[in-house]
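Step one of this worksheet: look at the structure below.
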Amino acid sequence: MSGLIDRLRAALGALRAPAPPNPPAAPAIGVPEMLGAVGAALLSSSRAASDVEEILHSLATAYDRPHLRTFVLPTLVLVEDPGVSGERTSIFPVTGGALRLDQTGDLERLITRAGTTRMAPPDVVDELDRIRASRPRFGIVVTILGHAILTVGFGLVLNPTAAALPVYLALGLIVGTIVVLGSRLATLALILPVATAFVVTLLTGMFIAPIIGDDAIRLVAPALVSFLPGLTLTLAAVELTNAQVVAGASRMVYGIAQLGLLSFGVFAAITVMHEHAATTPPAQLGPWAPWLGVVLTAIGYTLFSVAPRGAFPWILFALVVAYAAQTLGSVLVGAELSGFVGAVVVIPVVHLVRRLRWAPPSPVMLTCAYWLLVPGALGFIGLSEATAGADGAANTIVQTFVSLVAIAIGMVVGAGFSRDVSAVTRAWRRPPQTAPAAAQPPSR
C-alpha cells in the first residue's frame, strides 16, 4: 500500500513540475566557422594578422566562398557572411596558449590538406581540436634543459664571454623552471615577468656580477629570452607596414608593455641593491663563439618549443642562413640595418627549401629565424640601462626600433619576392593554351 502511495505522489509531482527545456541544438559548422577556428589557431602560432587574412581568403576561395570577408586582430577573428538571409558576423576569440612548434607544423599541413582536398568543415575543426589537445613529446625536465641551452646560445650571440657561460646555464635553469611551472597558474602568470626579472637580477647583481666583473643586466638578458617580446614587436612592425593599423598598434603596445614590465623588475632589483656599478666589459671570446651560439640556440629551441620530429637540421639551417645574412648586412649597411638583409635572404631561402618533401613547414623554420633576428634583447637592455641611469641607453632604444622597422621591411620584401617567384614558376610550368581555330566557311 505504501509503495502505491509513493508512486502516486511521484506522478503528481511530475505533473506539477515544468518539463525540462530542450537543450539548444549545436550550431552547424560551415565554412565561416571553419575559417574562424583556423584563423584563431594561426594567431596562436605567432602569425601576423596580414598573413592570417591572406591564408583565410585563399582557403575561402578553395571552398568556393570568396565572398566571405575576414577581419583579423591579434586576439580574435571576425568572419562576415553576406548570405541570402542577410549579413551575419561571427566572432572567434583566440583561446588557449601559444602553439608549440610541432602543433604549428601540424596546423600548416592541415590547412594545405583542407585547401587541396576540400575537407568537410566539421572534420577540419575536429582536427584543430585534436592538434590543440595533443601532448608534447618532451617532458618537463627536457623542456627546462632546453631553456637552459637556449639561454647559453642566446648569450653567446649577445655577450660571448667565458666567465658568463656558467652564469647563463644556471640562470637558464632557474628561469626555465619558473616559466614551465609558473605558467600553469593563471594568477601567477600575470606577475611572472616582473617577479622573474626581479629575482634573477637581484641574485645576479648581489652574488655573481661582482665576482666575474660583468654587468648584471647583460648577464640577465639571455636568461629572460622566453619573456622577451622581440617576435611580438617584429610582427607588430610587419602589420603596420602592411597597413594593419589596429592589429599592429595593439601588438606594439603589448610588446612595449612587456619590455616595461621586465625593466620594472630590473629597476626594482637595482633599487633594493642600492647600486648599479658600471664595469668594463670583460674580453669576449673569438669570432667562433656566436656561431656556436647559433647551434646551441637551434638545440635549445628544438627542445624548449618542442619542434617536430626531424626538424632540427632544418631549424639549424634557417638559423645559420639568417645569422650569416645578418652578419653580411652588418658589414655592408651597418648593424642597425643588418636585420633587413637577414630577413630578405632567409624568407626566400626557407620558402625554397620547404618544397623538399622531408622539410618541415616554413613557419617552423621562420619562427626560429625571427628569434635570432629578434631585437627584443637589445630593447630590454636599453630600457633596463635607462632605468639604471646608464650612458647610451637612449641610443640603444632608438637602435632597437630602427632594427624593428628594418626587419619588418625585410620580411615584407622577402615574402613578396617569394610570392612573385612562385607565381612565375607556376606560370612557367603551366602548359600554353592554344587559341581555338577560327571556324572555316562551308565550302560550296
*Mind listing just one residue for me: the one in the stretch 270-321 that is part of a loop (DSSP other than H, G, I, E, B) and more than 26 Å from ALA162 (Cα to Cα) and, of those, modelled with the lowest pLDDT?*
HIS274
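Of ARG135, ARG130, ARG100, which residue is over 18 Å from ARG65 (Cβ atoms), of a type in the set (Lys, Arg) and modelled with pLDDT of 90 or more? Write out each step before concluding.
Details: ARG135 fails: modelled with pLDDT of 90 or more; ARG100 fails: modelled with pLDDT of 90 or more.
Only one candidate passes the filter, namely ARG130.
Anything in the stretch 199-255 that is hydroxyl-bearing (Ser, Thr, Tyr) and closer than 27 Å to ARG47 by Cβ? List them, or say none. Break it down stepwise before answering.
Kept after step one, since they are hydroxyl-bearing (Ser, Thr, Tyr), are these residues of the stretch 199-255: 201, 204, 226, 232, 234, 241, 250, 254.
Once the filter is applied, which keeps residues that are hydroxyl-bearing (Ser, Thr, Tyr) and closer than 27 Å to ARG47 by Cβ, the stretch 199-255 yields SER226, THR232, THR234, THR241, SER250, TYR254.
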*Taking only the stretch 199-245 into account, find how many residues are surrounded by fewer than 24 Cβ atoms within 10 Å (Cβ to Cβ), within 19 Å of VAL157 (Cα to Cα) and under 26 Å from the mean Cα position of the chain (by Cα).*
4
*Hey, any hits in the stretch 236-247 for a residue that's at pLDDT below 80, in the same structural domain as VAL167 (by TED's automatic domain parsing) and not in a helix (DSSP H, G or I)?*
yes
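Being more than 13 Å from PHE304 (Cβ to Cβ) and either under 23 Å from the mean Cα position of the chain (by Cα) or surrounded by 13 or more Cβ atoms within 10 Å (Cβ to Cβ) (or both) narrows it down to one residue among LEU145, LEU150, LEU99, LEU173; which is it? Reasoning before the result, please.
Details: LEU145 fails: more than 13 Å from PHE304 (Cβ to Cβ); LEU150 fails: more than 13 Å from PHE304 (Cβ to Cβ); LEU173 fails: more than 13 Å from PHE304 (Cβ to Cβ).
Of the residues listed, the single one that is more than 13 Å from PHE304 (Cβ to Cβ) and either under 23 Å from the mean Cα position of the chain (by Cα) or surrounded by 13 or more Cβ atoms within 10 Å (Cβ to Cβ) (or both) is LEU99.
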*Output the qualifying pairs, or none if there are none: Cβ atoms under 8 angstrom, residues six or more apart or on different chains, first residue in the stretch 189-217 and more than 23 Å from GLY97 (Cβ to Cβ) and in a helix (DSSP H, G or I), second residue charged (D, E, K, R) and modelled with pLDDT of 85 or more.*
none
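Every residue in the stretch 332-365 that is assigned to a loop (DSSP other than H, G, I, E, B) and closer than 16 Å to LEU319 by Cβ, please.
Restricting attention to the stretch 332-365, the residues satisfying the condition of being assigned to a loop (DSSP other than H, G, I, E, B) are 334-337, 354-361.
Passing the criteria: ARG354, ALA359, PRO360.
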*Only one of PRO32, PRO121, PRO66 is surrounded by fewer than 20 Cβ atoms within 10 Å (Cβ to Cβ), over 15 Å from the mean Cα position of the chain (by Cα) and of a type outside the set (Val, Ile, Thr); which?*
PRO66
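Just give me the residues in the stretch 102-118 being over 18 Å from the mean Cα position of the chain (by Cα) and under 29 Å from SER226 (Cβ atoms), in sequence order.
Let us first name the residues in the stretch 102-118 that are over 18 Å from the mean Cα position of the chain (by Cα), namely 110, 112-118.
Once the filter is applied, which keeps residues that are over 18 Å from the mean Cα position of the chain (by Cα) and under 29 Å from SER226 (Cβ atoms), the stretch 102-118 yields only LEU110.
The values are calculated or read from the model by the stated rules, or taken from the named source; none is laboratory data. Just so you know, these numbers come straight off a predicted model, no measurement behind them. For neighbour counting, all protein chains shown are included, and Cβ atoms are generated from backbone atoms with ideal geometry for every residue, glycine included.
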